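Okay, structure first, notes after.
The values are calculated or read from the model by the stated rules, or taken from the named source; none is laboratory data. Note that the structure is predicted; figures quoted are calculated from it, not measured. A quick note on method: Cβ atoms are made from the backbone with ideal geometry, for glycine too, and the neighbour counts reach across all protein chains shown.
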Amino acid sequence: MIRTALITGITGQDGYYLSRLLLEKGYRVIGLVAPQRRNNIVKLGNLIEQIEIYPVALTDAVALLEVVEQFRPDEIYNLAAPSFVPDSWNDPLGTLDLITGSATRLLAAIHQLGLTTRVFEASSSEMFGQVDHAPQDENTPFRPMNPYAAAKLHAHWMMVHHRQRYGLFACSGILYNHESPLRLPNFVTRKVSLAAASIKLGLSDRLEMGNLQAKRDWGYAGDYVEAIWRMLQTNTPEDYVIGTGQLHSVQNLVETAFGCLDLDWTRYVSIDSKFIRSDEHFQLVANPAKAKRDLGWQPQMTFAKLIEEMVLTDLDRLRSGLIAPAVPQQP
């Protein structure tokens with residue numbers, strides 16, 4: 001029997017990798033896309049022909065109820081959210097409605113229709129915010145520091161409450177930074193990979209950075225969607241921290257990216273205070289022991305291999321004229 005999966009945020013990085021995984025497993029994949037963003041489906045590349053795209057506004061409760069009733073999915077993966085956290089300050093209410101509202105409306109539809117649909121919510125390590133110890137696990141207190149994190153936390157608790165009150169199979173993955181060649185250039189990993197490739201080809205000659213000693217727990221998006229899928233295959237819905245458990249500094253990121261191309265990063269990188277964030281001293285690093293124990297999951301791609309893949313992909317793109325060379329980014 002073919003299982004049906006419904007995905008919000010399907011045109012994003014995670015949506016692509018999750019769709020690819022589910023298609024490989026024989027699922028019928030349906031992507032919900034806001035009507036005004038339908039052109040974004042080109043981001044799905046060679047997967048477009050295998051995915052059913054359904055235009056619907058995630059802020060429309062009636063429309064979402066009709067979609068869920070029509071397809072009666074076995075699984076729902078709610079990935080929709082603003083992709084760049086700082087942007088949430090520009091529209092806090094819109095961020096709250098997209099993240100929390102969408103999750104709540106989907107849960108309400110499942111409950112109202114009496115379905116046994118299993119639901120995954122993409123929570124974020126940003127919910128931990130101003131941590132006082134590292135690493136973090138499922139019992140670490142939440143202290144969100146921005147509208148994005150606050151909205152994610154609200155959606156996270158809606159999953160818990162619907163699970164407890166109505167017995168829905170609803171769970172969340174508290175995801176740490178996960179990257180891929182599909183990352184947008186306003187993320188530091190892609191900013192660096194694109195700059196290294198640009199400099200190698202003589203298309204640019206410098207890279208402006210902020211605090212090189214800032215550290216992150218960076219993993220590969222393709223590994224993380226495997227954990228996401230496994231969460232909905234368990235007998236009991238629970239929440240899981242998903243990360244590598246390893247910290248790498250921004251300097252390590254730069255060294256690795258430039259080293260892939262035999263470049264001496266110190267010749268091209270300069271520090272500009274406008275890129276330094278006020279929260280860099282908070283160390284968000286996962287303790288994924290529960291996911292490893294219960295889901296049998298652990299990251300497969302190393303940090304070095306991930307960055308190399310991003311750099312070489314950008315090198316190929318630039319040689320093909322598919323993207324513009326790297327330019328200094330705005331903070």
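Just checking: which of the strands (runs of 3 or more DSSP E) contained wholly in region 1-88 hold 3 or more residues that are over 21 Å from the mean Cα position of the chain (by Cα)? Give the steps one after another, and end with the answer.
Numbers: elements: 4-8, 28-33, 52-55, 75-78.
Those strands (runs of 3 or more DSSP E) span 52-55.
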**Request:** Can you confirm whether region 49-72 contains a residue that is at pLDDT 95 or above and under 25 Å from residue 294 (Cβ atoms)?
**Result:** no
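Being among the acidic types (Asp, Glu) and at pLDDT below 90 is the filter; apply it to region 91-126 and report the residue that is farthest from residue 18 (Cα to Cα). Give the derivation first.
Here is the first cut: in region 91-126, the ones among the acidic types (Asp, Glu) are 91, 97, 121, 126.
Narrowing further to those that are at pLDDT below 90: 91, 97.
Working: 91: 28, 97: 24 Å.
Looking at residues that are among the acidic types (Asp, Glu) and at pLDDT below 90, I get 91.
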**Prompt:** So residue 145 fits all but one of (1) in a loop (DSSP other than H, G, I, E, B); (2) under 16 Å from the mean Cα position of the chain (by Cα); (3) not polar (S, T, N, Q); what number is the exception?
**Reply:** (2)
**Request:** Kindly list the number of the only condition in (1) in contact with a helix residue (DSSP H, G or I) (Cβ under 9 Å, 6 or more places away or on another chain); (2) under 21 Å from residue 289 (Cα atoms) that fails for residue 133.
**Result:** (1)
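Based on this model, can you work out whether residue 46 counts as modelled with pLDDT of 95 or more and in the same structural domain as residue 150 (by TED's automatic domain parsing)? Steps first, answer last, please.
Working: modelled with pLDDT of 95 or more: no; in the same structural domain as residue 150 (by TED's automatic domain parsing): yes.
Answer is no for this residue.
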**Message:** Could you check region 94-109 and list, in sequence order, the residues that are more than 15 Å from residue 161 (Cβ to Cβ) and out of contact with any Ser or Thr (no Cβ under 8 Å at 6 or more places or on another chain)?
**Reply:** 94, 96, 99, 109
**Asked** Going by the conditions given, is residue 69 more than 23 Å from residue 110 (Cα to Cα) and loosely packed, with under 15 Cβ neighbours inside 10 Å?
**Response** no
**Request:** Look through region 288-315, keep the residues that are under 20 Å from the mean Cα position of the chain (by Cα) and in a loop (DSSP other than H, G, I, E, B), and return whichever of them is surrounded by the most Cβ atoms within 10 Å (Cβ to Cβ).
**Result:** 288
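This table checks each residue for (1) assigned by TED's automatic domain parsing to the domain that holds residue 120; (2) within 19 Å of residue 231 (Cβ to Cβ); (3) surrounded by fewer than 22 Cβ atoms within 10 Å (Cβ to Cβ).
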residue	(1), (2), (3)
9	yes, yes, no
32	yes, no, no
36	yes, no, yes
41	yes, no, yes
55	yes, no, yes
60	yes, no, yes
74	yes, yes, yes
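Tell me which residues, restricted to region 98-133, are part of a helix (DSSP H, G or I), charged (D, E, K, R) and under 22 Å from residue 176 (Cα atoms).
Of region 98-133, the ones part of a helix (DSSP H, G or I) are 98-113, 125-128.
Those left that are additionally charged (D, E, K, R): 105, 126.
Across region 98-133, the qualifying residue is only 126.
Scan region 91-121 for residues that are of a type in the set (Lys, Arg) and touching a Phe, Trp or Tyr at 6+ places or on another chain (Cβ under 8 Å) and report the count.
Residues of region 91-121 that are of a type in the set (Lys, Arg), as a first pass: 105, 118.
From what is left, the residues that are touching a Phe, Trp or Tyr at 6+ places or on another chain (Cβ under 8 Å) are 118.
Looking only at that region, the number is 1.
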